[in-house]
Amino acid sequence: MPFLKDVEKKDPLCKEWDRKAQKSGLRHTVYSVNGDQYTGEWLNNLKHGKGTYIWKKTKSIYEGEWKCGKRSGFGAYSEQDPNTGQYVKVYSGSWENDKKHGYGTHYYTDKEYYEGDWKSGERSGWGRMYFADGGIYEGEWLKDKPSGQGMLRLANENRYEGSWKSGNKHGPGIFYYFDKGVLYDGVWVNDIPKCGTMIDIGRAEAPSPTQYPIPEVKLEDPKGVLEKAQASFLEDQE
């Protein structure tokens, strides 16, 4: 039976040359096999320190800090406008392990952007979101959605202040309908008011008030009745 010799597997020459280079310190532009390019500082053959990376395929560019080959620290990521050829900033702020992490600002469009805390590439913590229609949400976030306590101010100045869950009004909250001259104070479930009180506020100044004023509730203990109903409702949700 013939003796078969195992063929030793070798890495491509480009990887072998890269290992032998042992890049450390500031270097001129280094090109990847796919055409991407990096200009900046190195440590033990990894991007480390300050540097600029340009993706050949998308023409996107990152300028900022690196750690052990990944974007970490402060940096800005920009994309090229296919129509004008100019670079448009997408994100500026803190990074960790190649993801947005810490405090930073992300521009979705020229009219819509978020500034606040990030965690592993998602909006988490405290932040303020400016929407294209003029609305603003300011408060707590979790896994890229409003969650916790926050305030939403709409373009028509109507405002909600209270609890949020997974991007919806959920839990105790107050909605000021300034255009109607009405206020709702109560419990919400998945963006829907479920149990609370509605009263008139600034009805005379409201641009489009309700047809009739809200009548006064005649109960011996209206506050106690409402609190009991809300507590029971919240227990059912849990």
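Values in this text are rule-based calculations from the coordinates and carry no lab data. Keep in mind that this is a model prediction, so the values were computed, not measured.
Separation of region 194-209 from region 60-78 is 50 Å, based on Cα centroids. Legend: distances between Cα atoms for 59/165; 67/89; 89/145; 50/99; 89/169; 50/165; pairs beyond 27 Å are 59/165; 89/169; 50/165.
Set the Cα radius of gyration of region 85-238 against 2.2 N^0.38 Å, with N its number of residues, and you get 1.29. Potential lengthening of the chain between residue 52 and residue 128 amounts to 24.5 nm, from the contour at 0.36 nm per residue minus the alpha-carbon distance.
Working note: Karplus 6.51/-1.76/1.60 with θ = phi - 60° gives region 34-46 the couplings 7, x, 5, 9, 9, 10, x, 8, 10, 8, 6, 6, 10 Hz, where Gly and Pro are set to x.
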